[in-house]
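Worksheet: the structure to be examined is printed underneath.
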Amino acid sequence: MEKTNHSQQLNLFEDISDLQLLNLTKFQLFLYKLIHFFKGIPGLLVSLFKTIGKLLKGLFTWIGNDLADIVKTFKDGDFKTKLSYLIMGFGSLTRGQILRGLLFLIFEVVFIVYMITAGGHWLGKLGTLGTQLPGTVYDPKLDTYVRVDGDDSFKCLLYGVLTIMFILCFIYTWRMNVKQNKDAEELLRAGKKLKTAKDDVSSLLDDQFHKTLLALPLTGITLFTVFPILFMILVAFTNYDGAHDGYSNLFTWVGLENFNTLFSMNTSSGNMSFAFGEILSWTLIWAFFATFTNYFLGMFVAIMINKKGIKFKKLWRGILVLTSAVPQFISLLYVSKMFAANGMVNGLLINQGLISDLSHIIRFWEDKTLARIMVIVINIWIGIPYLMLITTGILMNIPADLYESARIDGANAVQQFFKITLPYMLFVTGPYLLTSFIGNINNFNVIFLLSGGGPNNIKLSTAAGTAGDTDLLVTWLFKITTNEGSKYYLASVIGIMIFVVVSTIALIVYNVIPSTRNEEDYS
Amino acid sequence: MKKLVSLLLAVLMLCTMAACSKGGEGGGTPTAGGTYDITVWVSEVAGIAELTKQQIDRFNEENEDLTFNATIEGISEADAATLMITDVESGADLYCFAQDQTARLVQAGALNVLGQAASEAVKARDDAGSVMAATFGDSLYAYPMTSDNGFFMYYDKSVISEDMIDDLATLVKACEDNNKFFSMNYSSAWYNSAWFFGTGCVSQWITDDTGAFTGVVDTYNSPEGMTALKGMQILAKSNAKNDSGSGEDFSKGSAVVVSGTWDVNTVQSILGDNMGVADLPSFTVDGNTYHMGSFSGGKLMGVKPQTDPEKAAALQRLALYLTDETCQLERFNSNGWGPSNVAAKASDDVQSNPVLAALGAQNNYATVQGQVNDGWWAKAGDLGHLAAQAESDEELQAGLALYEEQVKGLIGATGYVFVGAWNGWDNADLEGFGMEQDGNVLTITLDVPESDYMGGRIVPVTSWDTNLGCQQVTEGADLIVEYDEASNGDNNIIFLAPGNYTVTCDVSTSEIKIVKN
Amino acid sequence: MNENKKHMGLKAKERLSNTVIYAILIVMSIVWLIPFVFLVFESFRVESTYQVGYVIPKQFGFDNYINLFTKTDFPIWFKNTLVIGLFVSVIQTVIVLCMSYTLSRLRFKGRKGLMNIMLVLGFFPGFLSLVILYKVLSWLNLTSANSVPGLILVYVASSGMGYYVSKGFFDTISRSLDEAARVDGATRFQVFTKVIMPLSKPIVIYTILTAFMGPWGDFMLAKYVSHATSAGMNVAVGLQTMISTPASLAANYTMFCAGGVVVAIPITILFMCLQKYYVEGVTGGAVKG
């Protein structure tokens, strides 16, 4: 207690010396860091710009050095190296590294063939996203109309971006090819032997083992995660929607217009910025409650089950865990129907006489506050088992002697919880809390299957579609793509905004909670 | 990386090659024979997919030159339209949809125009309303299947007696007294139109020939609209309200359900002999009584545009077959779907069906469902929530004002339209003509037919009320009726004689010039 | 701790608090199980196919189950999901283990950068990719009736992103094991296969289990990819289409419940058998993510 009194005299808004920092409680330390994070924002911004500047400078220096190195390698190199600038892999082939040489050569041939047959075509279309509209002609013989294909903006954008990625890939490979020539020459000059194909292969299982292991996962991520994200970011700058789907009507670049739409206060298209603000604030409220109610209640349940003297530990745990075996799709949809105005719950309440008649039924999904409470409560039902498991693991890891000494000091259970358990948990689960918070911001399933975003709120209805009081940004995004003219471009803009929000939160948390940064701490 | 590129490339090449080779064969025999693998999307309602399968099999037998291997999927009409718009390319070859989706589908390029002979056949055999619903400009885009897409009232005879069914307040009271629900999906624009149309409000969307929306005439934000909202509150503020509208509600304490023909089997199985059907009741606000209105419409079958002319012609034949008198009657007999085919409609079975009779009675108060901007449904649906939640007239008024702004906002494009009404000024019978815009100058050439009221006005697509007016006519004022408080108080441009006119308007100065060609 | 020294008062207090805890646990168990009990009861109801206001059916029967298997495409949906689940569980486990092992135990240039990129990628909502993934699959002809391979491809391809739990597990294995093996002349490949993998049974089973369960619950992507084609649906999409409109909800509600039960049973059994590993995986790995 002395410590606390002492540190209370400190002003957390002032800078505090390291020695004083040691005297702070965990909570004060957290507060101190939070305050100083916000105090440091102007400085942070300045240093951010400085860092960007530095990065850019570094990038240009790097490119400069790289170009110089390429030129130097060419000048100093023998004819094999020089020819490799044109015919990739020539150096390797002539120096006996057949496998490497062949791979380079094949890649170059594929690249050239692709660029001539298709790549150039798609690259040319990328600027306009297509100009030739599909048409219809009448076939008098068959008395029928026939479609004539035109450009497809979607394909133009897709293949255009893929082609650019391919070109970048080629440039990188070409650079590798040059570097290998340089290295090979140096090795030969030093009188060493070059690596054989066998060496190459065996190094893939040893020194270069990470490349082997990462090849497959990273290819998948590049093609099915990075590329779609890249594509959809670009969509935010087009007018791609149901009426301009690329196949029947072309779409094209519109610059920053869609961002203007999102932030416009124009009420005739629905007050978009108002709706965005409202939905964003509920998203954050939801994420906060969904994360922390689960966290504390899950911990509470874990402590109860782990308590000495409680029997059938496995049974209790088993019952809770079992519920997470049933696909959420079924359990959530079923629970949602249970609580409908004419659902099972109201029916039972009436049958049991707890509700006198129909006029008193509880309309769970038709009232803003009630619906919001319902989704949070049912989310607890969904989330506790998982949290209980996680916290059980950590609780067991807390050194028992900490409790022992606390008990000797006369601390009761509640004091032990706040003095030992909670700080320890918060420290260890810092990163988990962050990912869970981010996960809840994007928690589509719970909201979509339970309330469907409802009850609809007339104030949130915009040109992009109607939104409800329990809609999160991500369910709103989904509604926009499926309702009312499928405005994909607006969905993309909102997706980018979600990214901005999440990154901001992550940035703050990483700067405030130390345990999120150092992965080696738990090893 | 390169693997996918080459794979994509290969697929793409194959596709183009396939498309080329097929396109090359064009102009074969007029009978369009052959064997085709097709996908057909029909309603998910029980029995329809099986019935369609039988009908296609029979078609294959009757037409030896033509064989369809059909994959038939049962999905709801709304889903079908949405899926087609999401991806026309891989959508179904033949699909069914509600008529209000036609504009969206035409705009998305998801409907193939009927050939001349096929158009003539459809126009001759189906009722005028359903043909209208499939027509844009001069082209017919789809094949009418039913003319029964409307709603009316089912009730439980053991609770509701026949003398109650004419008044909404009486019905609601009876439900409250008996601890029963009055189930009507009043937060759906489709159903809550009953009150607005009942008081005389209109919501009419204007499209051009390509299916794009060029304007809207919407009078929900008006004294009549306020009356309608107050009428809606009779139900929405009652404890008997149940914002749902499906036949199964009878099993959960409903005594009245507002729904359509598709629910007849469900209701029959629950209520048995106690099933009653009737047109919707009237409601009274401030001493005036209004009969509830409704939407009426039907379902259509559409063919996806094809690059292979033979396949297009073959699908055209199949679609004609699946929507003919026999097939429509089969669907009536199995699922009670009301036909659009004139001959089928006249058959004794259809004539004596009580449910279709109730629908017919309600249709006297119904508005034919035209093309509706997809965004409108949610906006107008929210008015149901407004009626349930609002505590004062001011809130209702504010809600209507916001609604009006948002409905206008749905017409995203800017531009002007000439709205004409050649047969008297009837809001339900307006035609919109998009005006070509070149800088500040708008131009349009009109064929004005001989009629009682050859009038129209130039309005921005977003606002019905900003009428540029006949007083701005600087050239050709002798061709039109002068502004006059009594005879032309709306300041419309009313032509004195029929003929072909070119109207130009400079938006910056609001000067209008009219030339007779 | 010496039990004998405790006061009797303390013991009584202890007993009281234990009683309270038992009460809470019993209530919780009931709350957690009730929806599933309801679900099972409703699936056996014969007298009506729609939602009702009571739990215990007036008439028990297997009608819903029989209809489910004979009148709908449920067997196809089930088979599809099972196939997807099996393939995904194998391939995804390999990918996740590769990814997490590398990031946890190998040190190479760009490792931190790679992890940061993964983290930032995770900030984008996954829904953004739905449309483009669907379009690409549709051009590869991997949608509609062919959606099973299409879905496997998409699930597996992006599975590397979910390496956190398993990396957390590998982080807890002492690095001295690797070093000892390396000193003995083992290659990194041998360290991976001979030293670390044998220690990793819990996380391998955990990864297989979660990878297998994922496809059973996936709804949105599967709905897009199946494109209204019954032959290409998984159980979630198939069951959802059964109750997607008011009319079909009325006709199929109890059948939907039966479908839910049929889906839940095998997964629950699997889960019960492997629960030990699941718990070890979560407790060992999840918090480090």
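The values are calculated or read from the model by the stated rules, or taken from the named source; none is laboratory data. Computed from a predicted model, the values in this text were never measured in an experiment. Cβ coordinates were reconstructed from backbone atoms using ideal geometry, including for glycine residues, and neighbour counts include every protein chain displayed. These area figures cover heavy atoms from the full protein model, side chains too; ligands, DNA and RNA do not enter into them. Shrake-Rupley method; radii C 1.70, N 1.55, O 1.52, S 1.80 Å.
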Discussion item. For region B:152-290, give me the percentage of DSSP beta bridges that are antiparallel, rounded to the nearest 5 percent.
Written reply: 75
Response to the item:
Cross-link reach from A:Lys198 to lysines, straight Cα distance under 18 Å and at least 8 residues apart if same chain, gives A:Lys211
Response to the item:
The Rg/Rh figure for region A:267-522, Cα atoms and Kirkwood Rh, to two decimals is 1.04
Discussion item. Can you give me the C-alpha center-to-center distance between region A:27-81 and region C:92-112, rounded to a whole angstrom?
Written reply: 25
Practice prompt. Any chance you could tell me what percent of the C-alpha pair distances in region A:77-255 go past 25 Å?
Written response: 54
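Pull out a ≥ b ≥ c, the square roots of the eigenvalues of the alpha-carbon gyration tensor of region A:186-341, then state rounded if a/c is under 1.5, prolate if not and a/b is larger than b/c, and oblate in the remaining case.
It is oblate, given that a/c is not under 1.5 and a/b is not larger than b/c.
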Response to the item:
Summing -39500 (n - 2.57) over every DSSP H run of at least 4 residues in the protein assembly as shown and dividing by its residue count gives a helix-only mean residue ellipticity at 222 nm, to the nearest 500 deg cm²/dmol, of -17500 deg cm²/dmol
Fill in: Residue order for B:Asp218, A:Asp207 - accessible surface, 1.4 angstrom probe, largest first
A:Asp207, B:Asp218
Fill in: Ranking by accessible area, most exposed first, for B:Asp87, A:Asp401, B:Asp484 with a 1.4 Å probe
A:Asp401, B:Asp484, B:Asp87
Item to complete: Evaluate the distance, in nm, between pseudo-label points positioned 7 Å from the Cα of A:His121 and of A:Ile164 along their respective Cα→Cβ axes.
Response: 2.1
Worksheet item: Total Lys pairs in region C:64-288 closer than 14 Å by alpha-carbon, pairs eight or more apart in sequence or interchain only?
Response: 5
Worksheet item: Any idea what angle helix A:368-397 forms with the longest principal axis of chain A, computed on alpha-carbon atoms, 0 to 90 degrees, nearest 10?
Response: 80
Discussion item. Largest first and in whole Å, what are the equivalent-ellipsoid semi-axes of the protein assembly as shown based on the Cα gyration tensor, each being the root of 5 times an eigenvalue?
Written reply: 56, 43, 32
Fill in: C:Tyr155 accessible area, 1.4 Å probe, all protein chains in place, Å² to nearest 10
40
Discussion item. So, taking all protein chains as they sit and a 1.4 Å probe, how much accessible area belongs to A:Thr421, in Å² rounded to tens?
Written reply: 10
Worksheet item: Any idea of the total accessible area buried by the C-B contact, 1.4 Å probe, rounded to 100 Å²?
Response: 1800
Fill in: Nearest-ten-degree value, helix A:41-76 long axis tilted from longest Cα axis of chain A
20
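Please identify the DSSP H helices in chain C that span no less than 18 Å along the helix axis (Cα) and have a mean Kyte-Doolittle hydropathy of 0.0 or more.
Going by DSSP H runs, the hits are C:8-43, C:74-105, C:128-139, C:201-217, C:246-285.
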Discussion item. Checking the a/c ratio against 1.5 first, then a/b against b/c, what shape does the Cα gyration tensor give for chain B?
Written reply: oblate
Discussion item. Could you tell me how far the Cα centroid of region C:130-173 sits from the Cα centroid of region A:371-434, in Å?
Written reply: 34
Discussion item. Taking the 0 to 90 degree range and rounding to the nearest ten, how far is the long axis of helix A:422-441 tilted relative to the main principal axis of chain A, both from C-alpha atoms?
Written reply: 60
Fill in: GNM top mover of C:Leu133, C:Leu114, C:Leu153 - chain C, alpha-carbon springs below 10 Å
C:Leu114
Discussion item. Taking only complete DSSP H runs, can you tell me which helices of chain B stretch 27 Å or more along their own long axis by Cα positions and average at least -0.5 on the Kyte-Doolittle scale?
Written reply: B:2-24
Worksheet item: Using the alpha carbon gyration tensor of region A:191-241, what are the three equivalent-ellipsoid semi-axes (square root of 5 times each eigenvalue), largest first, in whole Å?
Response: 40, 12, 7
Practice prompt. Kindly give the semi-axes, whole Å and largest first, of the ellipsoid equivalent to chain A, taking each as the square root of 5 times a Cα gyration tensor eigenvalue.
Written response: 51, 40, 25
Worksheet item: Rounded to the nearest 10 Å², what accessible area does A:Asp76 show when all protein chains are kept and the probe is 1.4 Å?
Response: 90
Worksheet, complete the sentence: Checking C:Ser43, C:Ser17, C:Ser129 against a Gaussian network model of chain C (alpha-carbon springs below 10 Å), the top fluctuating residue turns out to be C:Ser17
Response to the item:
Of all DSSP beta bridges with both partners in the protein assembly as shown, the antiparallel percent, nearest 5, is 75
Worksheet item: What distance in nm separates the simple spin-label points at B:Asn69 and A:Phe288, each placed 7 Å from Cα in the Cβ direction?
Response: 6.1
Worksheet item: Principal axis lengths of chain C from Cα atoms, whole Å, largest first?
Response: 75, 72, 32
Worksheet item: Going from most exposed to least, what order do C:Ile203, C:Ile66 have by accessible area with a 1.4 Å probe?
Response: C:Ile66, C:Ile203
Fill in: Estimated Rh, region B:152-290: Kirkwood, alpha-carbon pairs, angstrom
15.8
